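Trainee: First the structure, which I've put down as C-alpha cells, then a few questions once you've had a look.
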Amino acid sequence: MDGYAGRWWVVHTKSRCEKALAADLNERGTPYFLPLTRARRRYGRRVVVTDLPLFPGYLFLCGEEEDRYAVLVTGRAAAVIRVVDQDRLRVELRHVYRLTASRAAAELYPGLRRGRRCRVARGSLAGLEGVVLWRRGACRICIGVEALGQSAELEIDPSLLEAMD
C-alpha cells in the first residue's frame, strides 16, 4: 500500500464486476487493491473453492485523475469515490491486506451487530425478520411476538442475513 504513488480512490463497481475491473487495471498497469477471501461453495456433492471479494461491489484504486476517468469509461464502475483522509485509508488498507494475506477465514457481515434488526436473505427462511444476537460465538436471530412478550431464537449462518435500516 505504501509503495504506490498517487492518491487512493474507492471504486464502487457494477454488480459482480470487481475481478473484471481488476483485470482491466492490471492490463493498464494501474495500481489497485482488490481484497479477496477464499470461500467454499457446495453444488450438490461437489465442493468448489473460489476467491470472492471481501467487500462485494468495491475495489481500491491508486492513481491520479486520469486513472479515475479511465475506470469510469470501462463501463464496470458505478462511481469513483474521493477519499479525503488518505493516511487513514492507507492504514486501513494495510490491515485488510494483512488479513487477506494471512489466508485466515474472513467473512464480511455488513451491519450485523448485536441488537440490529435483520432479514434472512436466502434459504428456506428467506424473508424472516428478527434481531441479531451473538451467543457462545454463534450468530443467532431472535424472532419475537411483542404482543405476547415471547420470542424464539434460531442459530443461523450470518452470511444468510442482511441488515435492515
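Trainee: Just checking, how many residues over segment 47-65 are farther than 20 Å from G3 by Cβ and more than 17 Å from the chain's Cα centre (by Cα)? Walk me through how you get there before you give the answer.
Mentor: Restricting attention to segment 47-65, the residues satisfying the condition of being farther than 20 Å from G3 by Cβ are 47-58, 65.
Now drop any that are not more than 17 Å from the chain's Cα centre (by Cα), which leaves 47-49, 65.
Matching residues across segment 47-65 total 4.
Trainee: Which count do you get for residues in segment 12-26 that are out of contact with any strand residue (DSSP E or B) (no Cβ under 8 Å at 6 or more places or on another chain), farther than 14 Å from G63 by Cβ and modelled with pLDDT of 95 or more?
Mentor: Number satisfying all stated conditions: 2.
Yes/no per residue for (1) more than 15 Å from D24 (Cβ to Cβ); (2) at pLDDT 95 or above; (3) in contact with a strand residue (DSSP E or B) (Cβ under 8 Å, 6 or more places away or on another chain):
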residue: R41; (1), (2), (3): yes, no, yes
residue: G44; (1), (2), (3): yes, no, no
residue: T50; (1), (2), (3): yes, no, yes
residue: Y69; (1), (2), (3): no, yes, no
residue: A79; (1), (2), (3): yes, yes, yes
residue: L93; (1), (2), (3): yes, no, yes
residue: R98; (1), (2), (3): yes, no, no
residue: G111; (1), (2), (3): yes, no, yes
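Trainee: Scan segment 1-38 residue by residue and report those that are surrounded by 15 or more Cβ atoms within 10 Å (Cβ to Cβ), over 18 Å from R90 (Cβ atoms) and free of Cβ contacts under 8 Å to residues at least 40 places away in the same chain.
Mentor: K19, A22
Trainee: Please enumerate the residues belonging to segment 39-58 that are among the aliphatic types (A, V, I, L, M) and exposed (fewer than 13 other Cβ atoms within 10 Å of the Cβ).
Mentor: Our first condition is that a residue be among the aliphatic types (A, V, I, L, M); within segment 39-58, this holds for 39, 47-49, 52, 54.
Within segment 39-58, V47, V48, V49 qualify.
Trainee: Could we say that L61 is open to solvent by less than 30 Å² (accessible area, probe 1.4 Å), touching a residue at least 12 places away in the same chain (Cβ under 8 Å) and touching a helix residue (DSSP H, G or I) at 6+ places or on another chain (Cβ under 9 Å) here?
Mentor: On the way: open to solvent by less than 30 Å² (accessible area, probe 1.4 Å): yes; touching a residue at least 12 places away in the same chain (Cβ under 8 Å): yes; touching a helix residue (DSSP H, G or I) at 6+ places or on another chain (Cβ under 9 Å): yes.
In short, yes.
The values are calculated or read from the model by the stated rules, or taken from the named source; none is laboratory data. Note that the coordinates shown come from a computational prediction; the quantities given were computed from them, not determined experimentally. Quick reminder, even Gly has a Cβ in these numbers, built from the backbone with ideal geometry, and neighbours come from all protein chains shown. When the accessible area is computed, the model is the full protein with side chains, heavy atoms only, and any ligands, DNA or RNA have been set aside. Shrake-Rupley method; radii C 1.70, N 1.55, O 1.52, S 1.80 Å.
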